[in-house]
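Notes for the one structure printed next.
Laboratory data are not the source of any read-out in this text; all were calculated from the coordinates shown. Just so it is clear, the structure is predicted and the values come from calculations on it, not from any experiment. Here the Cβ is made from the backbone with ideal geometry for all residues, glycine too, and neighbour counts use every protein chain on show.
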Amino acid sequence: MTPSLHPEIQRLLEANTELRMELALLLTEAHDLVHTLRPNLLALYQTKLGAWELEKLKAQFRVARLKRTIELVQAMLNRGGKPDMVQIEAQVQEEQVLWEKKINEAAAKLQSAEHRLAHLLSGEQNAELKKLYYQLVKQLHPDLHPDQPAGDKLLWQQVQDAYDAGDLEKLRALDLLLHNPQPPECTADALEKLQTEHAMLEKRIDELEAKIEQLESQPPFTLREDLENEVWIAMKRTTIEKETDPLQAQAATLEKHLETLVPPHVPGIEFGLN
């Protein structure tokens, strides 16, 4: 006959089981916010507004490049020399490497966003992915198993990698591998261990709730509804265009000014700002 547990031990076992389930849910939610929802929202933002922001960035770059070119041309003229546009172009190109990098990164980000949104899991697959991850969190997450062996740590890393990659088949395999976790043993100092675990679980739950609240109070999470609102999108695009138009007008003015300094039809002089 199996001896009955002390009532306080029984109570703590049940309470800690509930806390562990709550913590596993919060761990899943926090990870999902950072590694799935945030990238998806950023990708959605890029597909809605990235092209407009890229045009603004290009206009800013053109203005900066023209200003620097005019500055170098004027310096040569002030010294009584003839502007060497090949030399100036080379110097400006070298100085503007960071601008080129920013534009290339913005263009790559836009392309990556389009690819990400085109390869999302279906609603049914995503639900299964989250359910499997939650089950594996309960069995392997270090916050729930602080004394886990090295083998479990490696398995947990595989779980995270598979979840972040949306690899449903890998998570299914890992779930099968860990399908039958063993219940905790009751030892002589079970009460003290359970009390310590109870306090740890409550503290970690409080920390995660605060973290999730903080995450959701910041962009891009605060833009979730806006990114589904076509009126807001249109207004945002208009705002970006209003910021881009003066830059393009300024670039046109600078080009005319540069032509007065160095007429474009002078033999031997080439303009390569396009």
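Using 5 Å bins from zero, what percent of all Cα-Cα pairs in segment 1-99 falls into each bin?
Taking every Cα pair in segment 1-99, the percentages come to 2, 10, 10, 9, 8, 7, 6, 6, 6, 5, 5, 5, 4, 4, 4, 3, 3, 2, 1, 1, 0, 0.
Exposed loop sites here are GluC sites (Glu not before Pro) in DSSP loop states with at most 10 other C-beta atoms within 10 Å. What is the longest stretch of the chain lacking them? Show your work: numbers first, answer last.
Working: sites that count: Glu185, Glu225, Glu270.
The answer is 1-184.
Quote the relative contact order of segment 42-135 in percent (integer), defining contacts as alpha-carbon pairs under 8 Å separated by 6+ residues. Walk me through the numbers on the way to the answer.
Numbers: 38 pairs, mean separation 46.6, N = 94.
Relative contact order comes out at 50 percent.
At R0 = 22 Å, how high is the FRET efficiency between Asp206 and Glu14 if r is their beta carbon distance? Nearest 0.05 is fine. Don't skip to the end; give the middle numbers.
Numbers: r = 20 Å, r/R0 = 0.92.
After rounding to 0.05, the efficiency reads 0.60.
Pop the C-beta distance of Arg172 and Ala234 into the FRET formula with R0 = 41 Å and round what comes out to the nearest 0.05. Numbers along the way, then the final one.
On the way: r = 42 Å, r/R0 = 1.04.
According to the calculation, E is roughly 0.45.
Which of Ile240, Ile88, Ile212 ends up with the largest GNM mean-square fluctuation for the chain, with Cα atoms connected below 10 Å?
Ile88
Beyond a 25 Å Cα-Cα separation, which of these cross-linked pairs lie in this structure: Lys58/Lys242; Lys130/Lys193; Lys211/Lys236?
Numbers: Lys58/Lys242 14 Å; Lys130/Lys193 31 Å; Lys211/Lys236 29 Å.
Cα-Cα > 25 Å for Lys130/Lys193; Lys211/Lys236; rest within.
Using the Cα atoms as the points, what is the convex hull volume per residue of segment 2-43 in Å³?
Details: hull volume 2.2 nm³, N = 42.
So the per-residue hull volume is 52 Å³.
Over segment 86-239, what portion of Cα pair distances is larger than 19 Å, expressed as a whole percent?
Numbers: 8794 of 11781 pairs.
When every Cα pair of segment 86-239 is considered, 75 percent fall beyond 19 Å.
Show that you can apply the helix-only estimate: for the chain, add -39,500 (n - 2.57) for every DSSP H stretch of four or more residues, divide by all residues, and state [θ] at 222 nm to the nearest 500. Don't skip to the end; give the middle numbers.
On the way: 10 runs with 197 residues, N = 274.
Here the helix-only value at 222 nm equals -24500 deg cm²/dmol.
Return the equivalent ellipsoid semi-axes of the chain as a descending list in whole Å, where each equals the square root of 5 times an eigenvalue of the C-alpha gyration tensor. Before the final figure, lay out each step's value.
Details: eigenvalues 753, 73, 59 Å².
Those come to 61, 19, 17 Å.
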